[in-house]
1. With each pseudo-label sitting 7 Å past Cα toward Cβ, what's the GLU150-GLU91 distance in nm, one decimal?
2. What is the P(r) of the chain, as percent of Cα-Cα pairs per 10 Å bin from 0?
3. How big is the dipole moment of the chain about its Cα centre under a simple scheme where the beta carbon of each Lys and Arg is +1, that of each Asp and Glu is -1, and everything else is neutral? Debye, nearest 20, please.
4. Charges at C-beta only: +1 for Lys and Arg, -1 for Asp and Glu. How large is the resulting dipole of the range 7-77 about its Cα centre, in Debye rounded to 20?
5. Tell me, what ³J(HN,Hα) does each residue in the range 73-78 have, in order and in whole Hz, if you take phi through Karplus 6.51 cos²θ - 1.76 cosθ + 1.60 with θ = phi - 60° and put x for Gly and Pro?
6. Taking all protein chains in place and a 1.4 Å probe, what share, in percent, of the accessible surface of the chain do carbon and sulfur account for?
7. How much length is gained if the chain between GLN198 and ASP108 is pulled fully straight, taking 0.36 nm per residue apart and subtracting their Cα-Cα distance, in nm to one decimal?
8. Please give the net charge around VAL183, taking every other residue with its beta carbon less than 9 angstrom from that of VAL183, where Lys and Arg add +1 and Asp and Glu add -1.
Amino acid sequence: MDQELFESVDQYIGNLLGIEDDALKGAFKSTEDTTMPGANVSANQGKFLQLLARSVNAKKILELGTLGGYSTIWLAKALPLDGHMITLELEQANADIARQNIIKAGLDPVVDIRVGKALELLPLIEEEEIGPFDMIFIDADKPPYAEYFEWALKLSRPGTIIVCDNVIREGKILDDNNTDEKVKGVQRFNKMLAANKQVTATIIQTIGSKYHDGMAIALVN
Ligand code: SAH
Ligand code: DHB
Ligand code: MG
């Protein structure tokens, strides 16, 4: 329904305001070689994430789910020279692709890719006392989104912005009887987000070159 129009408008916005440099173009293309082709954010969504990072003056960013490093590059470009970004990725093959893309973007001095299960890596980050992070982007596997969000809160301070991708899933979240583990994961997350008193949050529906979805945005009180 109107998908063609949404795509054309996404292109229009991208041509005006979502211009990718060669490193971003390369990273976008190379997600085809990852384990989840096409799961990267769109160019305009990347720009949006970058704008949010800039607006909170982010010096430390944490990302869950690197894939080929496309969103990583958009975000890391928002960092000052002494900034730092940690991105967590389960698959070594994806991390290898991301590393090459991040090097090509000249961002390897500020980006630290860690390979493993996010729920195993997060306690190590807490022990290392690297936080609090200024911005956290949750975009890994969907079933444990609620647990990821709890970890994000632990690694936050008042003013931290937490963004969670893919929480609308073409509106499938409206169906309480949906049995897809991804849908159930984000339904559970959305409910806990609504009940959480530690954040001021909303969800923005996203349309365009990606299928209909949404991003939750939470500001830690
Ligand atoms: N943020 C990327 C897209 C991420 S796609 C972008 O927009 O460019 C989701 C990624 O999460 C995949 O690379 C997948 O391998 C990774 N992933 C899946 N389960 C994970 C886990 N338990 N821990 C860390 N990463 C995981
Ligand atoms: C899926 C994951 C993503 O991060 C995304 O942006 C799109 C789809 C998925 O697991 O289906
Ligand atoms: Mg995503």
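The values are calculated or read from the model by the stated rules, or taken from the named source; none is laboratory data. Computed from a predicted structure; not experimentally measured. Note: ideal-geometry Cβ built from the backbone for every residue, glycine included; neighbour counts use all protein chains shown. Side chains included, ligands, DNA and RNA excluded: accessible areas come from the protein's heavy atoms. Shrake-Rupley method; radii C 1.70, N 1.55, O 1.52, S 1.80 Å.
1. 2.8
2. 8, 35, 40, 16, 1
3. Details: 22 positive and 33 negative charges, 114 e Å.
Dipole about the Cα centre, nearest 20: 540 debye.
4. On the way: 7 positive and 8 negative charges, 87 e Å.
The calculation lands at about 420 debye.
5. 5, 4, 6, 5, 5, 7
6. Numbers: 6000 of 10950 Å².
Within the chain, the accessible surface is 55 percent carbon and sulfur.
7. Working: separation 90, 0.36 × 90 = 32.40 nm, distance 3.35 nm.
So the chain would gain 29.1 nm between GLN198 and ASP108.
8. Surrounding charge for VAL183 is +2.
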